[in-house]
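Only one structure is covered here, and it is reproduced in the block below.
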Amino acid sequence: MNQYAEAFKAFNQDAENGWLKSQRIAAFARFEHLGFPISGVEAWKYTNTKALAKRNFVLPQTADLDAAKKLLDQAGLKLKAHQLVFVNGVYAPELSDLGELPGALVVEPLSEALDKELELTCGMMGRLAGIDCDVFTALNFAFAGEGAVIRVGNNQIIEDPISLVHLSTEADQPTMSHPRILVAAGANSQIKLVEHFLGEDTANHFTNRVAEIVLERNAQLTHYLLEVPGEQSWLIGRTHVEQKRDSRYTCHHMNLGGKLVRDDLVCDLNGTGAESDFSGLLFGRNKHHLDIHSLVNHHAPTTYSRENYKAILNDKARGVFNGKVIVKKDSQQIVAEQSNANLLLSDQAEIDTKPELEIYADDVKCSHGATTGQLDETALFYLKSRGLSDELAKGLLTLAFANEVVDKIDIQPIYQQVETTVAGHLPHQVDLEEL
């Protein structure tokens, strides 16, 4: 803990605002009290944070723009979007491009929002994901200083996506960042939010990100989480969504590897007619550790939730899926569907899956299920009998398994990157251009 205490002292000593400074102090005290999770903590039963706790991370003051631009050019999404770029947590205006924002849309770095609209911005922080959520949320709040603030006015349909790019590049010392993302979508608004986590394989970086999203009545948000943080990087993320009446939150969550990646997704369906839809893919290889915990709270009657996660694991990769749905008392006539299917391509790959339902109402329609297996030998035989090689047949079957969730992505550059990444890293590589 000493390295974090020293970093926090240096970070917070120059803070001018009394409220924010005091909140950061309280958050860091909470972090020190809780400590990094141990195996006895149920929510972290299958994810070991000892290696993360031992690392000495520093907060970078500047960004290596040359390395970041090279990484962005090679592997970034080619999107027409309002884009903010962060390099090891540092805002990079040189690489960002917001274009001409509609008058009712605000997109700005958190650091600028805290300078210009302190009271409004601080009112959004910690409302859903406060310091009592868990240790990493407390740590994020302690170092809250950068990230993004997105506000959309009522009755606004924003055509171009809003893109937040988190780049991790190699540095002299292991680095860390704690971005806080704040989103407020007005009534009857529609927006698309893309978060792309992209890292060099040599980058030793710890990203600890928290997003708080509020959807007013009939607002619609489609959220694309594309995670490729790099072979030596840690990524801990929490997304907490509050949904008012008739709002819709759709999340396309594509986790394509990393040393350790843990995501907590929470949806509070607080108004009648609110709807959430999660589609996700965990694609792990080497010694990747990929962990997803989701929680949907049906606080209101006539609300709907769907969740479909798939995992493809090879080599010594390990996946964790814990999806939980809670139907509160008097939340009648809700529909909740949950599915988790897992494909193991190696005898050493491992998946721990735990779908859960807690139902305190009687007029509901809820279902959940989980399956784990290997490639179907009958299907393999059929494809090979049609002249396909063994490797190509296995590769095509694996892609077909993933496509149920990947095909839902309606932004072509994201779809192509996910499909190309999966195809290119399979043990039975598939060259999509030759098909």
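The values are calculated or read from the model by the stated rules, or taken from the named source; none is laboratory data. What you are looking at is a predicted structure, and each value in this text was computed from that prediction instead of being measured. Here the Cβ is made from the backbone with ideal geometry for all residues, glycine too, and neighbour counts use every protein chain on show. Areas reflect the complete protein model, heavy atoms only, side chains present, ligands, DNA and RNA absent. Shrake-Rupley method; radii C 1.70, N 1.55, O 1.52, S 1.80 Å.
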Restricting to DSSP loop positions (anything but H, G, I, E, B) with no more than 12 other Cβ atoms inside 10 Å of their own Cβ, which trypsin sites (Lys or Arg not before Pro) remain in the range 371-418? ARG386
Given q = 0.08, 0.12, 0.16 Å⁻¹, what are the Debye log10 I(q)/I(0) values for the range 288-435, with equal point scatterers placed on the Cα positions and solvent ignored? -0.30, -0.61, -0.93
Determine which lysines satisfy two conditions relative to LYS324: a Cα distance under 19 Å, and not lying fewer than 8 residues away in the same chain. LYS45, LYS310, LYS354, LYS365
Distant-in-sequence amide H partners of ILE411 (H built 1.01 Å from N, under 5 Å): none
Length-normalised contact order for the chain - Cα pairs under 8 Å, 6+ apart - percent: 9
Summed over the other residues with a beta carbon less than 15 angstrom from that of ALA300, with K and R at +1 and D and E at -1, the charge totals -1
Just one of (1) 1.14; (2) 0.96; (3) 1.00 is Cα Rg over 2.2 N^0.38 Å calculated from these coordinates, so which is it? (2)
Could you check how many percent of all C-alpha pairs in the range 358-401 are farther apart than 17 Å? 50
Report the accessible area of LYS259, computed with a 1.4 Å probe over the heavy atoms of all protein chains in place, in Å² rounded to the nearest 10. 70
What aspartates and glutamates could a cross-link reach from LYS80, if we take a straight Cα to Cα line under 18 Å and drop same-chain neighbours fewer than 8 places away? GLU94, ASP97, GLU100, GLU108, GLU159, ASP160, GLU195, ASP410
Karplus-derived 3J(HN,Hα) from phi for the range 272-286 (6.51 cos²θ - 1.76 cosθ + 1.60, θ = phi - 60°), whole Hz, x at Gly and Pro, runs 3, x, 5, 9, 10, 9, 9, 10, x, 9, 9, 10, x, 8, 6
Taking every pair of alpha-carbon atoms in the range 1-95, what share in percent sits in each 10 Å bin, from 0 to the bin with the longest distance? 12, 29, 29, 27, 3
Within the range 381-423, the residues whose backbone N lies under 15 Å from a label point placed 7 Å from the Cα of ARG306 along the Cα-to-Cβ direction are 404-410
Of 344-353, 215-224, 127-136, ordering from highest average Cβ density within 10 Å down gives 215-224, 127-136, 344-353
Output needed for the range 250-332: three equivalent-ellipsoid semi-axes, defined as square roots of 5 times the C-alpha gyration tensor eigenvalues, in descending order, whole Å. 30, 10, 8
For a quick check: with amide H placed at 1.01 Å from N, whose amide H comes under 5 Å from LYS324's, ignoring anything fewer than 5 positions away on the same chain? SER294, LEU295, VAL296, GLU356
Net charge of neighbours whose Cβ lies under 10 Å from the Cβ of GLY186, counting Lys and Arg as +1 and Asp and Glu as -1: +1
Hey, got the dipole for the chain? About the Cα centre, +1 on K and R Cβ, -1 on D and E Cβ, debye to the nearest 20? 800
Over the range 110-219, what per residue volume does the convex hull of the Cα atoms give, in whole Å³? 118
Whenever you get a sec, line up GLU108, GLU391 from highest to lowest accessible area (probe 1.4 Å, protein heavy atoms). GLU391, GLU108
If each part is reduced to its alpha-carbon centroid, the range 123-178 and the range 363-431 end up apart, in Å, by 32
Rounded to the nearest 500, the 222 nm mean residue ellipticity computed for the chain from DSSP H runs (n ≥ 4, each -39500 (n - 2.57)) alone is -7000 deg cm²/dmol
